[in-house]
Amino acid sequence: MRRRPPPGLLLRPAAGLLLAGLAGLAGLVGAGVLTAGAASAAPPAAGSQDGSLIMVLDSSGSMAGPDGSGHTRIESARTAVGSVVDGLPDGYPTGLRVYGAGKAHGCDDTSLAQPVTALDRAAMKQAVAAVQPKGDTPTALALTKAAADLPASGRRTILLVSDGESNCGAPKPCQAAAGLAGDGLDLRIDTVGFQVKGAARDELECIAKAGHGAYYDAPDAAALARQLVRASQLSADAYRMAGTPVTGGASAAKAAAIGPGQYTDTIGPGETRWYAVPLDAASTADLSATAVPQPGVPVDYGDGVELKLATTGEYSFTCGSDSAHFGQDEGAMILTGAVSRVPTRDGKDDCDKAGRYLLSVHRTTAATSDTSRWPVELRFDNEAPLPKGTVPAAARTDYGTAPAPLAGTPKDRAGGTGFNDATALTKGVWRDRLLPGQTRYYKVHVGWGQQLSYAAEFANEPVLDGGTSAASTFVQTAAYGPGRLPVGDASDARDNRPYSGTPVSVGLGTVPVTWTNRWVDETDAAAVHTAGDYWIAVGLGPDAAQLARNTAVGVVLRVDVTGTELAGPQYQAPALASQGAEHGRQGAAQGTAGGDGKGTAGQGAAAAASSPGGGLRGMDLVAAGTGGAVALAGIGTAALVHRLRSRTTRGGA
């Protein structure tokens, strides 16, 4: 069994937020709010037309045998396929291919029972109802034909269901899968083994590995339906990529030029992609990379992406670096890392100059990990300086007293697949369901002077009987600020915990949103420097497929935004009026995008003192002065700058 993240990689337990969350979990379970029925299946999401799915059903003679439930294997397979089509989004392109159903013997026996078209539930059910198992098992041929049945482009998934080993000689199914999936960028092959063991199971696991997919074990009819629904919904609910296609350079000299905006690229094992970015001398630049591997494929602890932003010229200076690694070896999940260039007040730093900078994105991969290429979504945001004469409020790095956990009946909300379609939430209690290997995204508006805190609570989950009930996985969360900057926790909550079906909670709390936070030497505050949408990501480990009896696992999300929203980032800003608040938010946001480049956001700090650790505590900064005049008492200007910030982000959420 794959290992969980070791305790050394987890954050400290929460004294307030986490324990309160667990108490809330017990209440929900006792009140019947979060039950097995509530978590039985993930809700269908909106269809994404860039994806498609074809199920390949083994209809050889062995499928006519009993499965131990009072039905034949093919009868249980028909029921399972019905569950799949009921759960898929409306219109999702779906088809069905069968093999071994046409004649008693023959290694050329495969047919397209339902073409890959916009989902027709009735037609799919009629097609599988007509299947009568008879013949041999030409698995490789069926996979080859299925790949041709799918559209020529977009995310494509083959979902193979079989109860036995191929008996049709060359080519071997594993070889066929490897040739079809290629670099794994657009096509993946998942397999479900229905009451298989020994050589048959080995073959199906090999097909999934060669096809850059996942293997699901189904020892009985209930497990068959559960695993088929999981695999199909992960395909339909994959991360929605968005952006202008770009191909990063293979070297610094061949860096691809990008400007502010959003882009898509791909990256292979051990590869480094290079991008040239133009920066002015006054704006804060935020550059992020989100890697989207096939969910659940084999990975190791150190696999991930590493970002670096550097100057060009005779001497190269590193202006920012970040890394996002899985930190576990259960299977791949989504990773995001980001770097920022924050200009200093006097403009004399090596990274302050206007000109051409280089962003590099490197992928680390262990020898035993999946070798498919990963889609990458790049984002380049520019934060203009404050208008000349604006005095920003003092930095804040204090979390303060944890708010009492929110009470109330959870409202159902299905999270988005990623940043681009994240589900908007407000302060409240929400309920969702996660598939094994899935990450859900939500976004919450956090204004100037406000703090975000939340807890994702996983309650008692019915586990499988028998040996697999000893399986365990993990739950995890992450938060991102504007610019997709990973936000460090300031509340002592845990962002990752082992999970074996008993209640656990993961969460995060931020410091107040303050413009000047960008200069403090506090990793849990530096990213909390802009008002706007903050993202919450909640993930469930892939090995939950070996643990949970329900198709999806229920999670309750308690989201709290505390503090009075201020009208802007300036010193002594008034409260944002409740009437016309949205207009005020837009105006405050526009205030951060103006300026002539002469008045920097460093203005307004009148006095400060160093912390024992050598950095600055935000509460030591006192804003004062008028008209943008600034006095720095007892410290050098450079001490306000958080340069060369290197951070390692635990991946997967």
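Of the strands (runs of 3 or more DSSP E) lying entirely inside segment 82-179, the ones with 2 or more residues being polar (S, T, N, Q) and closer than 19 Å to Gly193 by Cα are found at 155-162.
When you check Thr336 against the structure, is it of a type outside the set (Phe, Trp, Tyr), under 23 Å from Pro245 (Cβ atoms) and part of a loop (DSSP other than H, G, I, E, B), yes or no?
Numbers: of a type outside the set (Phe, Trp, Tyr): yes; under 23 Å from Pro245 (Cβ atoms): yes; part of a loop (DSSP other than H, G, I, E, B): no.
So Thr336 fails the test.
In this structure, Val85 does not qualify as farther than 17 Å from Ala223 by Cα and either open to solvent by less than 40 Å² (accessible area, probe 1.4 Å) or in contact (Cβ under 8 Å) with a residue 60 or more places away in the chain (or both). The numbered conditions (1) closer than 30 Å to Thr312 by Cα; (2) modelled with pLDDT of 95 or more; (3) surrounded by fewer than 22 Cβ atoms within 10 Å (Cβ to Cβ) are all true for Asp286 except (3).
What number of residues within segment 383-432 are of a type outside the set (Ser, Thr, Tyr), within 21 Å of Gln262 (Cα to Cα) and surrounded by 20 or more Cβ atoms within 10 Å (Cβ to Cβ)? Spell out the reasoning first.
Step one: of segment 383-432, the residues of a type outside the set (Ser, Thr, Tyr) are 383-389, 391-396, 398, 400, 402-408, 410-416, 418-422, 424-425, 427-432.
If we keep only those that are within 21 Å of Gln262 (Cα to Cα) as well, we get 383-384, 416, 418-422, 424.
With surrounded by 20 or more Cβ atoms within 10 Å (Cβ to Cβ) added as a condition, the list becomes 383, 416, 418-419, 422.
Looking only at that region, the number is 5.
Note on segment 59-89: residues that are polar (S, T, N, Q) and touching a Gly at 6+ places or on another chain (Cβ under 9 Å) amount to 4. Considering Thr139, Thr157, the condition of being β-branched (Val, Ile, Thr) and touching a Cys at 6+ places or on another chain (Cβ under 9 Å) is satisfied by Thr139 alone. Taking (1) touching a helix residue (DSSP H, G or I) at 6+ places or on another chain (Cβ under 8 Å); (2) of a type outside the set (Lys, Arg); (3) surrounded by fewer than 21 Cβ atoms within 10 Å (Cβ to Cβ); (4) under 24 Å from Gly418 (Cα atoms) in turn, Pro503 satisfies each apart from (4). Among the residues of segment 219-268, the ones that are buried (at least 16 other Cβ atoms within 10 Å of the Cβ) and part of a helix (DSSP H, G or I) come to 15 in all.
Condition test on Val475, is it of a type in the set (A, V, I, L, M) and either buried (at least 24 other Cβ atoms within 10 Å of the Cβ) or modelled with pLDDT under 95 (or both)? Yes; evaluated as a whole, the condition is true for this residue.
Can Tyr301 be described as aromatic (Phe, Trp, Tyr) and assigned to a strand (DSSP E or B)? It would help to see each step written out before you state the result.
Values: aromatic (Phe, Trp, Tyr): yes; assigned to a strand (DSSP E or B): no.
No: the conditions fail for Tyr301.
Residue by residue, here is whether (1) over 30 Å from Tyr215 (Cα atoms); (2) in contact with a strand residue (DSSP E or B) (Cβ under 7 Å, 6 or more places away or on another chain); (3) in contact (Cβ under 8 Å) with a residue 40 or more places away in the chain holds:
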position: Val391; (1), (2), (3): yes, yes, yes
position: Arg396; (1), (2), (3): yes, no, yes
position: Ala404; (1), (2), (3): yes, no, yes
position: Gly418; (1), (2), (3): no, yes, yes
position: Asp421; (1), (2), (3): no, no, yes
position: Val429; (1), (2), (3): yes, yes, yes
position: Arg440; (1), (2), (3): no, yes, yes
position: Val444; (1), (2), (3): yes, yes, yes
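Go through the residues of segment 349-360 one by one and say whether even a single one is within 29 Å of Ile536 (Cβ to Cβ) and open to solvent by 30 Å² or more (accessible area, probe 1.4 Å). Spell out how you get there, then give the answer.
Quick first cut of segment 349-360, residues within 29 Å of Ile536 (Cβ to Cβ) only: 359-360.
Now narrow it down to the ones that are open to solvent by 30 Å² or more (accessible area, probe 1.4 Å): none.
The answer is no, given that none of the residues of segment 349-360 is within 29 Å of Ile536 (Cβ to Cβ) and open to solvent by 30 Å² or more (accessible area, probe 1.4 Å).
Of all the numbered requirements in (1) in contact (Cβ under 8 Å) with a residue 60 or more places away in the chain; (2) open to solvent by less than 40 Å² (accessible area, probe 1.4 Å); (3) basic (Lys, Arg); (4) touching a Leu at 6+ places or on another chain (Cβ under 6 Å), Arg188 misses one, and that requirement is (4). Going by the conditions given, is Thr364 open to solvent by 20 Å² or more (accessible area, probe 1.4 Å), of a type outside the set (Lys, Arg) and either within 30 Å of Arg156 (Cα to Cα) or modelled with pLDDT under 95 (or both)? Criteria met by Thr364. Filtering Ala118, Ala148, Ala123, Ala170 for residues that are more than 30 Å from Pro375 (Cα to Cα), modelled with pLDDT of 95 or more, surrounded by fewer than 18 Cβ atoms within 10 Å (Cβ to Cβ) and out of contact with any Lys or Arg (no Cβ under 9 Å at 6 or more places or on another chain) leaves a single hit, Ala123. The lone criterion from (1) part of a strand (DSSP E or B); (2) without any contact (Cβ under 8 Å) to a residue 12 or more places away in the chain left unmet by Glu306 is number (2).
The values are calculated or read from the model by the stated rules, or taken from the named source; none is laboratory data. Predicted, not measured: the structure shown is a model, and the values here were computed from it. When we count neighbours, we look across all protein chains shown, and the Cβ atoms used for this are built from the backbone with ideal geometry, even at glycine. Each accessible area value is taken on the protein alone, full model and side chains, heavy atoms only, with ligands, DNA and RNA left out. Shrake-Rupley method; radii C 1.70, N 1.55, O 1.52, S 1.80 Å.
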